[in-house]
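Before anything else, here's the structure in question.
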Amino acid sequence: MVDIVVERKDIHKSMKVVLILFLLVILAGFQWGKVKPLYTYYNLTYGARSLSMGNAFTALANDLTAVYRNPAGIAELDGPQLFVNYRRDKLRYDYQPENEPGSLYPQEYTYEFTSNLKNFDFLSIAAPVYFWDIKWNFALSYYRYIPYRFEAQALGRLTTTRNGETEFEDTRLTMQGSSGIDVLGFTSAFYLAKYLYFGATLQWFFNSGEITYNWSTRDAPYSQTYTEKIQGRNLVLGLLFKLSKDFIVGLNYHTKVSGTLDSQYLYEDITQPEEPTSVSTLADVIIPAQLSAGIAVRPYRYLLLTFDYSVIYWDDATLSNYYWWEEDLQFPVRNDFSFSQKDNVNYRLGIELNFPIKTSTLFLRGGWFSDGQLFVDAADRPIKIKGFSLGIGVDISSMFQLDIGYMKQNATWNETAYINNQNTVGTDYSNKIFSISFTFGFGKKKI
């Protein structure tokens with residue numbers, strides 16, 4: 001049996017916290033009518049430390065990427081802090097060769113796509129403030145929610161054999177993007193009660209992304225440009241239960257919201273540049289809720305283990321009034337047509353070893369993950385991307401920490417075939433992600 005003793009001073013402080021929470025909820029009620037966020041994928045991987053631990057970060061949440069992963073983690077900051085992250089993606093996927101030997105003229109279709117993305121995707125500053133005898137930690141963050149700054153190319157080749165001669169029909173695509181849909185995050189976190197921390201982030205969407213597709217086909221070269229902008233807000237809520245210094249439970253919840261997508265489309269025939277076609281739309285979007293739960297355990301002084309489970313309820317996601325489609329589409333739209341979507345579940349594991357070296361600490365990290373994606377295969381089954389991650393970090397001093405992370409993602413699934421849409425063809429996907437984080441602190445972090 002455990003006796004719990006609560007002092008009068010603690011009760012008085014708890015009443016203040018409850019009153020402030022009540023006022024925040026009332027104020028939020030006036031704002032929810034204007035909540036309009038939107039995203040086209042959700043496996044966002046901010047920060048080298050989280051990345052290198054397989055993104056099993058809900059219960060750890062001990063750098064400023066917690067404003068997205070679990071805002072309650074900000075409550076443990078003891079002094080001002082600045083965080084910057086750089087990320088680079090190198091993605092590739094290929095259709096396995098599709099053959100149609102039974103036709104009059106045997107045909108084979110191949111397709112390959114490569115993409116590179118380089119950007120500073122996360123910047124955050126945080127500091128503690130004492131108000132009404134309560135220590136509040138506040139953070140102001142900027143992060144890229146939907147990147148458009150891709151450099152990509154694709155080649156689709158249809159090979160036909162006629163009377164012993166081989167003909168090639170190529171479709172080439174280059175993609176060039178800029179900026180993206182960005183977020184300003186306003187975060188507050190504090191001790192809610194003994195062993196219990198609470199945090200909330202208001203995500204304010206701004207900026208617009210533009211991406212141009214340049215096509216080279218047998219008929220004529222042409223280009224398509226999409227410029228898209230999101231306006232709106234939503235809430236990210238987090239809790240940390242620090243049951244002991246060696247066992248932490250974390251919960252994180254992204255609210256379900258409704259919003260709009262402002263999209264402009266420009267079509268240009270390269271052979272007739274004086275006659276471009278431009279249309280625009282303001283679509284209605286419903287984005288579902290997302291829930292994450294995690295555990296962090298330290299079985300040994302120099303060893304940390306983390307586990308995450310998360311689910312996103314994509315059955316609720318819809319896109320309405322999108323350009324010329326009269327019916328509601330399921331969101332997100334892939335390849336400009338509606339497709340089925342199912343709730344997705346992610347499983348993630350992380351490990352961290354720390355080695356004190358004189359006045360510094362060396363961290364070695366690893367992770368494994370199985371992430372559900374926002375699209376399905378030809379059999380209407382959610383696609384799973386699996387892989388591993390590695391990383392290293394060094395706490396050079398109380399004022400500076402450097403973290404480096406690497407992640408390899410892999411998946412194989414069946415797509416609808418190109419030559420005969422009654423058949424399917426395999427697709428191989430891989431992505432290599434590199435991330436480097438810089439943390440500048442003016443106080444120690446306790447975890």
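The values are calculated or read from the model by the stated rules, or taken from the named source; none is laboratory data. No experiment lies behind these values; they were computed from the predicted model shown. All Cβ positions, even for glycine, are placed from backbone atoms using ideal geometry, and neighbour counts span all protein chains on display.
Are any of the residues in region 312-319 at pLDDT below 85, within 25 Å of the chain's Cα centre (by Cα), closer than 30 Å to residue 247 by Cβ and of a type in the set (Ser, Thr, Tyr)? Steps first, answer last, please.
Filtering region 312-319 down to residues at pLDDT below 85 leaves 312-319.
Checking which are within 25 Å of the chain's Cα centre (by Cα) leaves us with 312-319.
The next check asks that each one be closer than 30 Å to residue 247 by Cβ; those that pass are 312-313.
From what is left, the residues that are of a type in the set (Ser, Thr, Tyr) are 313.
Yes, there is a match, as at least one residue in region 312-319 is at pLDDT below 85, within 25 Å of the chain's Cα centre (by Cα), closer than 30 Å to residue 247 by Cβ and of a type in the set (Ser, Thr, Tyr).
Turning to a different aspect of this structure: Checking residue 289 against (1) in contact with a helix residue (DSSP H, G or I) (Cβ under 9 Å, 6 or more places away or on another chain); (2) surrounded by 15 or more Cβ atoms within 10 Å (Cβ to Cβ), which test does it fail?
(2)
If I ask for residues that are surrounded by fewer than 17 Cβ atoms within 10 Å (Cβ to Cβ) and of a type in the set (Val, Ile, Thr), which ones from region 199-223 would you list?
217
Oh, and also: When you scan region 320-347, how many residues do you find that are within 18 Å of residue 371 (Cα to Cα), of a type outside the set (Phe, Trp, Tyr) and either surrounded by fewer than 19 Cβ atoms within 10 Å (Cβ to Cβ) or modelled with pLDDT of 80 or more (or both)?
Here the count works out to 5.
Yes or no: residue 171 in contact with a strand residue (DSSP E or B) (Cβ under 6 Å, 6 or more places away or on another chain), surrounded by fewer than 20 Cβ atoms within 10 Å (Cβ to Cβ) and more than 22 Å from residue 118 (Cβ to Cβ)?
Here the answer is yes, as residue 171 does meet what is asked.
Does residue 384 count as of a type in the set (D, E, K, R), more than 19 Å from residue 58 (Cβ to Cβ), surrounded by fewer than 20 Cβ atoms within 10 Å (Cβ to Cβ) and in contact with a strand residue (DSSP E or B) (Cβ under 6 Å, 6 or more places away or on another chain)? First the steps, then the outcome.
Working: of a type in the set (D, E, K, R): yes; more than 19 Å from residue 58 (Cβ to Cβ): yes; surrounded by fewer than 20 Cβ atoms within 10 Å (Cβ to Cβ): yes; in contact with a strand residue (DSSP E or B) (Cβ under 6 Å, 6 or more places away or on another chain): yes.
The answer is yes for residue 384.
Shifting gears a bit: With the checklist (1) touching a residue at least 60 places away in the same chain (Cβ under 8 Å); (2) more than 30 Å from residue 150 (Cα to Cα) in hand, flag the one item residue 195 doesn't pass.
Residue 195 satisfies every listed condition except (1).
From 142, 111, 86, which residue is touching a strand residue (DSSP E or B) at 6+ places or on another chain (Cβ under 6 Å) and either surrounded by 17 or more Cβ atoms within 10 Å (Cβ to Cβ) or not in a strand (DSSP E or B) (or both)?
Checking each option against the conditions leaves just 111.
Could you tell me how many of the residues in region 98-108 are of a type outside the set (D, E, K, R), without any contact (Cβ under 8 Å) to a residue 60 or more places away in the chain and assigned to a strand (DSSP E or B)?
The number of residues fulfilling the criteria is 1.
Check 258, 188, 280 and return the single one that is out of contact with any Leu (no Cβ under 8 Å at 6 or more places or on another chain), without any contact (Cβ under 8 Å) to a residue 40 or more places away in the chain and assigned to a strand (DSSP E or B). Full working, then the answer.
Values: 258 fails: without any contact (Cβ under 8 Å) to a residue 40 or more places away in the chain; 188 fails: without any contact (Cβ under 8 Å) to a residue 40 or more places away in the chain.
Exactly one of 258, 188, 280 is out of contact with any Leu (no Cβ under 8 Å at 6 or more places or on another chain), without any contact (Cβ under 8 Å) to a residue 40 or more places away in the chain and assigned to a strand (DSSP E or B), namely 280.
Within region 392-404, can one find any residue that is closer than 27 Å to residue 345 by Cβ and assigned to a strand (DSSP E or B)?
No, the conditions are met nowhere in region 392-404.
Of 229, 242, which residue is part of a strand (DSSP E or B), charged (D, E, K, R), in contact (Cβ under 8 Å) with a residue 40 or more places away in the chain and within 15 Å of residue 72 (Cα to Cα)?
Sole residue among the options that is part of a strand (DSSP E or B), charged (D, E, K, R), in contact (Cβ under 8 Å) with a residue 40 or more places away in the chain and within 15 Å of residue 72 (Cα to Cα): 242.
Take residue 357 and tell me if it is surrounded by fewer than 15 Cβ atoms within 10 Å (Cβ to Cβ) and not hydroxyl-bearing (Ser, Thr, Tyr).
Yes: the conditions hold for residue 357.
Right, here's the next one. Does residue 223 satisfy the condition of being polar (S, T, N, Q) and within 22 Å of the chain's Cα centre (by Cα)?
no
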